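Below: one structure, written as structure tokens.
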Amino acid sequence: MAADLSSAWVWVPVALPLAAAGVAFVARRAGPAVGLFTSVALCACAAGLGLEVWRGGPVRHAVGGWGAPLGIDLYADGLSAVVVAMVAGVGAGVAVHAWRYFPPGHERDFFWPLWLMLACGLGAVAVVGDVFNLYVAFEVTSIAAVGLVALGHGAVARVAAERYVLASLGGSLVYLLAVALMYAEYGVLDMAELAARVRPSPATGLALALAMAGLSVKAALLPLHGWLPPAHASAPAPASALLSALVVKAALYAQLRLGFTVFAGARTPALDAALGTLGVGAIVWGSLLALRQRRLKGVVAYSTVGQLGYPFLAFPLAGTAGAGAALSGAVYFLLAHACAKAALFLAAGNVQRALGHDRVEELRGASAALPMTFLAFALASLSLMGLPPSGGFVAKWLLLRGALEAEAWALAVVIVGGGLLAAGYLLRVLSLAMAVPSGPPPAVARVPRTLEGVALALALAAVALGLVSSAPLALLEVGAPEPPGAPRRRGP
């Protein structure tokens, strides 16, 4: 860690949205302007951080001049820079959508401070350098996320928000217990210090298992996914996009960060196999549930449950010849899925706004009235199915290559089969939307072009990630751990 450079960019993704959230809450009429400006500024900050990491390697900032182990360190390597860019880019798109989506009133007044607080928490998750402040960052993220769910109308949204609170608190408490065990065992909380000291032991194994279990609740890994579909389906479309594209990705990022850096020397084959098995179960069961849904937002929500199983396939491949490719695919999946899933939820929100409902069986002829929205849905679906030239294809190809190199034939079948299941529930929606209605065409309310354009832009970004994959994958190499197994091999 001595080669790390001091950086000012690393604290901006945390401090800027935190300050802006306070302004947006106090001056609520100015909330949209503050939120849009901050979202665009975060994109510039993410670019600055990524460029600095690219040129000089991992960067570190001691908050208040007090570094670890007494103080708090913020740290960013290539993985952190990619996650910050994901939060900023997707968040900016959703912010533009929300600017036209919410009419004046309660929802608009509170969406902007909640989104900015969420951005603060997500930025902190990406750059905090110790395991305790990772817990603090998740608490900030969870509070804002629950508020976004509660913006939905009616008792359904309130119940979903309450379930989300209970699930989030339970996951946080389990993770905090893991932090206490780590501190009792090693006397430090800084991730770099822990990575240097961690050794296999019963206490370390228990701490790792608890940390993964607590974060799995936040990541909605099967069978801990019960809170996610109601929360994502009942929240307003911009909030659903943020929750599915970014919030659950933060927990997945933390699991990959802890599993492959802090606890790299203490993971056991049994834990890796358990996480991989749960990932396989999520892919299959979540996809089957998505096939059964009758509402569009339900299809997209259960799709999230299924798709989130893919990154966990990197764990059973650790220590094999395919470890490097699998880890690259798991991380790239977070980025591609964030863009695609945000596009899908925003497209579903456009459909709800235009038709007054999102019943899948009543979508016949809807594509003629909403061509941009369903083009966005189709392009985003391309990425979720893992078809070229999308970012989802690059991510799943890397995972598949890792499975083939490790001769893990069962995982290879699951990766391919998961794409076919995704095609089943996504093509079902598209085929109905493009079908010729048997009766008069559905009555359609006007949807502003801005709302359709943002969904399309995010879907195009998901596809473009497959065309420019070399740059993000090269950035991920900066400061990346060397997984056991064959030499790291990146790129599709």
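The values are calculated or read from the model by the stated rules, or taken from the named source; none is laboratory data. Computed from a prediction, not measured in an experiment: that's the story for all the values here. Neighbour counts are summed over all protein chains in view; Cβ atoms, including those assigned to glycine, are modelled from backbone coordinates with ideal geometry. Accessible surface areas use protein heavy atoms only, side chains included; no ligands, DNA or RNA. Shrake-Rupley method; radii C 1.70, N 1.55, O 1.52, S 1.80 Å.
Answer with a single label: of (1) 69, 55, 41; (2) 94, 53, 48; (3) 99, 67, 54, which was calculated as Cα extents along the principal axes in Å from the structure in view?
(1)
Within a Cβ distance under 11 Å of Glu185, other residues only, what is the Lys/Arg minus Asp/Glu net charge?
Values: positive: Arg197, Arg199; negative: none.
That sum, taken over residues with Cβ under 11 Å, equals +2.
To test your reading of the geometry: what angle, between 0 and 90 degrees and rounded to tens, separates the Cα axis of helix 154-186 from the longest principal axis of the chain?
It is inclined by approximately 10 degrees.
With all protein chains present, calculate the accessible area of Thr277 using a 1.4 Å probe and round the result to the nearest 10 Å².
Only protein atoms counted, so the area is about 90 Å².
How large, in percent, is the carbon and sulfur part of the accessible surface of region 138-278 at a probe radius of 1.4 Å? Don't skip to the end; give the middle numbers.
Details: 3380 of 4700 Å².
In region 138-278, the share of accessible area belonging to carbon and sulfur is 72 percent.
Over the residues of region 94-244, compute the C-alpha Rg and express it relative to 2.2 N^0.38 Å. Present the calculation step by step, with values, prior to reporting the outcome.
Details: Rg = 17.3 Å, N = 151, 2.2 N^0.38 = 14.8 Å.
Taking the Cα Rg and dividing by 2.2 N^0.38 Å, one obtains 1.17.
What size of dipole, in debye to the nearest 20, comes out for the chain about its Cα centre when the only charges are +1 on Lys and Arg C-beta atoms and -1 on Asp and Glu C-beta atoms?
On the way: 30 positive and 21 negative charges, 251 e Å.
Computed about the Cα centre, the dipole is about 1200 debye.
For Arg295, Arg359, Arg267, write out the residues from largest to smallest accessible area, computed with a 1.4 angstrom probe and no ligands counted. Don't skip to the end; give the middle numbers.
Details: Arg295 120, Arg359 85, Arg267 40 Å².
In descending accessible area the options line up as Arg295, Arg359, Arg267.
Can you give the local net charge around Ile415? Use residues other than it whose beta-carbon is closer than 11 angstrom to its beta-carbon, Lys and Arg +1, Asp and Glu -1.
Around Ile415, the charge tally is +2.
Consider a paramagnetic label point 7 Å from the Cα of His357 along Cα→Cβ; state which residues of region 140-182 have an amide N under 15 Å from it.
Counting only backbone N, you get no residues.
What does the convex hull of the Cα atoms of region 308-442 come to per residue, in Å³, rounded to a whole number? If you can, show how the numbers build up before the last one.
On the way: hull volume 12.6 nm³, N = 135.
Residue-normalised Cα hull volume stands at 93 Å³.
What is the calculated FRET efficiency for Ala445 to Tyr183, with r their C-beta to C-beta distance and R₀ = 45 Å, to the nearest 0.05?
Values: r = 56 Å, r/R0 = 1.24.
With a Förster radius of 45 Å, E is 0.20.
When Lys and Arg each count +1 and Asp and Glu each count -1, what net charge do the other residues less than 12 Å away from Leu346, Cβ to Cβ, add up to? Don't skip to the end; give the middle numbers.
Details: positive: Arg100, Lys297, Lys341, Arg353; negative: Glu452.
Net charge around Leu346: +3.
How much length, in nm to one decimal, is gained on full extension between Arg197 and Val416, taken as 0.36 nm per residue of separation minus their Cα-Cα distance? Present the calculation step by step, with values, prior to reporting the outcome.
Working: separation 219, 0.36 × 219 = 78.84 nm, distance 3.91 nm.
Result: 74.9 nm gained on full extension.
Would you mind working out the accessible area per residue for region 206-280, using a 1.4 Å probe, and quoting it in Å²? Let's see the in-between values first.
Numbers: 1580 Å² over 75 residues.
Per residue, region 206-280 has 21 Å² of solvent-accessible surface.
Where the centre of each part is set by its Cα atoms, how far does region 13-35 sit from region 333-374, in angstrom?
Cα centroid to Cα centroid, the span is 29 Å.
How high is the relative contact order of the chain? Use alpha-carbon pairs under 8 Å, at least six apart in sequence, and give a whole percent. Can you show the working numbers first?
On the way: 949 pairs, mean separation 77.9, N = 492.
Once divided by the residue count of the chain, the mean separation gives 16 percent.
According to the square roots a ≥ b ≥ c of the eigenvalues of the Cα gyration tensor, what is the shape class of region 81-181, taking rounded for a/c under 1.5, prolate for a/b larger than b/c otherwise, and oblate for the remainder?
Values: a/c = 3.12, a/b = 1.33, b/c = 2.34.
Since a/c reaches 1.5 but b/c is at least a/b, the shape of region 81-181 is classed as oblate.
For helix 12-26, what angle does its Cα long axis make with the longest principal axis of the chain, in degrees from 0 to 90 and rounded to 10?
Rounded to the nearest ten degrees, it is 50.
Starting from the Cα-Cα distance between Ala273 and Ala27, subtract it from 0.36 nm times their residue separation and give me the gain in nm to one decimal. Walk me through the numbers on the way to the answer.
Details: separation 246, 0.36 × 246 = 88.56 nm, distance 5.06 nm.
Stretched fully, the Ala273-Ala27 segment lengthens by 83.5 nm.
Students often check this: by mean Cβ neighbours within 10 Å, which of 331-342, 226-237 ranks highest, and how do the rest follow?
On the way: 331-342: 28.3, 226-237: 24.5.
In decreasing order of mean packing, 331-342, 226-237 become 331-342, 226-237.
Lys/Arg Cβ at +1, Asp/Glu Cβ at -1, dipole of the chain taken about the Cα centre: which of Ala403, Ala343, Ala145 is farthest positive-ward?
Result: Ala343.
Can you give me the C-alpha center-to-center distance between region 116-153 and region 154-203, rounded to a whole angstrom?
Cα centroid of region 116-153 versus Cα centroid of region 154-203: 14 Å apart.
By how many degrees, between 0 and 90 and to the nearest 10, does the Cα long axis of helix 323-355 differ from the longest principal axis of the chain?
30 degrees
Given the chain, what percent of its DSSP beta bridges are antiparallel, to the nearest 5? Don't skip to the end; give the middle numbers.
Details: 7 of 9 bridges.
Percent antiparallel among DSSP bridges in the chain is about 80.
Residue separation times 0.36 nm, minus the C-alpha to C-alpha distance between Leu460 and Val159: what's the value? Before the final figure, lay out the partial values.
Numbers: separation 301, 0.36 × 301 = 108.36 nm, distance 3.46 nm.
Full extension from Leu460 to Val159 adds 104.9 nm.
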